[in-house]
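These notes concern the structure reproduced below.
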Amino acid sequence: MTSLKRTLLAAASLLLTAGAAPSAFAADGDVIAKVGTQSITEGELKTAETDLGEQFGKMPPEQRKLAVLSALIDIKSLAQEAEKAKIGDDPAVKSRIAFLRERALHNAYFQKSGVEAITDAELKARYDAELAKLKPVEEVHARHILVKTKDEALAVIKELDGGADFMTLAASKSSGPSGPEGGDLGFFGPGQMVPPFEKAAYALPVGTYTKEPVETQFGWHVIQVTEKRPQPQPAFDQVKEQVRQVVMREKYMQIVQKARDELKVEYVDPAMKGQVEAMEKAMSEGAPAPEGAAPAPTPAQ
């Protein structure tokens, strides 16, 4: 570790030990450090934090900021050495720099035209539209008494027929973990229980219990259904961010497709053109894309 890094990190530790609040750096254009003849502004540091901050994610905020500054000083130091050595003239390096520039522009354009253009009203409309497409799903609230043998289950049913309380029997006889709670399983929907149990529970009218034991891999069950209801849908605020991701991805594809159409993409290499055409044909026919086909891009990467 360089002496400068030690100094910066030591300063951060002192600030934290002293309980100081994060320092208030000035405006984005203000210079906060220099590397040779180059200045580092608060704005540059914020940009670097976006790309580098995750590496120091476990640090407290003030220490993380100083660690990013130290990394930015390292970057600028070696970049200046690379300029002196004319490494930027190397064709591979030129190509890499050009790619990174275009990628940054790509991300900035989508951030402005896509991400920042999404409104809460748009998200709520999409949420409502998706809810309208959903078919109602019924949930069942059930209790059960689980025993090892069919004869034990038949004996339980006989007691219930004689007027015994279901919850009391569950607490004294059920071997399942829900026994102490009167066999209460809460509400469940399709696919949440093993098939024989689910089939029997959904077939029962509310307020009744199975007159024949139900066998599963866990043993023999006597099931009582106490309530049925439509499955509650998640509130908008609960799924807002998931909806945002869906809308954001769709916007990305729309923006990219519009740009492609306007610019008229041409595949010059015959082999590449053939592969793309085969992939597009397969996708239009609903078949899986050819092996090795590129996945759909992720927005703003």
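Working from label points 7 Å from Cα in the Cα-to-Cβ sense, the Glu138 to Ala117 distance is 4.6 nm. Treating r as the C-beta distance of Asp161 and Val239 and R0 as 51 Å, the FRET efficiency rounds to 0.65.
Of the two radii for the range 142-279, the radius of gyration is 1.41 times the Kirkwood radius, both from the alpha carbons; that is the Rg over Rh value.
Over the range 55-161, the alpha carbon radius of gyration divided by the compact-protein estimate 2.2 N^0.38 Å works out to 2.44. Summed over qualifying helices (DSSP H, 4 residues or more, each -39500 (n - 2.57)) and divided by its residue number, the chain shows a 222 nm mean residue ellipticity of -17500 deg cm²/dmol.
Counting 0.36 nm for each residue step from Thr149 to Gln254 and taking away their Cα separation leaves a gain of 31.7 nm. For the chain, the Cβ-based charge dipole about the Cα centre amounts to some 560 debye (Lys, Arg positive; Asp, Glu negative; other atoms uncharged). Using the Cα coordinates of the range 208-282, the gyration tensor eigenvalues translate into equivalent-ellipsoid semi-axes of 55, 23, 9 Å, sorted from longest to shortest. The gain in end-to-end length when the Glu81 to Val93 segment is fully stretched comes to 2.9 nm, 0.36 nm per residue minus the alpha carbon separation. Annotation: the residues Ile40, Ile223, sorted from fewest to most other C-beta atoms within 10 Å of their own C-beta, follow the order Ile40, Ile223.
Summing Lys and Arg as +1 and Asp and Glu as -1 over all other residues whose Cβ lies under 10 Å from the Cβ of Gly53 gives a net charge of 0. Cβ under 14 Å from Val246's Cβ, Val246 left aside: what net charge do those residues give with Lys, Arg +1 and Asp, Glu -1? Overall, the nearby charge balance is +2. Length gained on full extension, Glu227 to Val265, computed as 0.36 nm times the residue gap minus the Cα-Cα distance: 7.8 nm. Rounded to the nearest 0.05, the FRET efficiency derived from the C-beta distance between Ala108 and Ala282 at R0 = 35 Å is 0.55. Normalising the Debye intensity of the chain to I(0), with uniform scatterers on Cα atoms only, and taking log10 at q = 0.08, 0.09, 0.14 Å⁻¹ returns -0.75, -0.84, -1.10.
Summing charges over neighbours of Ser39, with a neighbour being any other residue whose Cβ is under 13 Å away from its Cβ, gives -2 when K and R count +1 and D and E count -1. In degrees from 0 to 90, rounded to the nearest 10, what is the angle of the helix 91-113 Cα long axis to the longest principal axis of the chain? Its long axis makes an angle of about 50 degrees.
Read-outs: derived from the displayed coordinates by stated rules, not from any lab. Please read these numbers as outputs of a predicted model, since none were measured by experiment. Glycine gets a Cβ as well: all are built from the backbone with ideal geometry, and neighbour counts include every protein chain shown.
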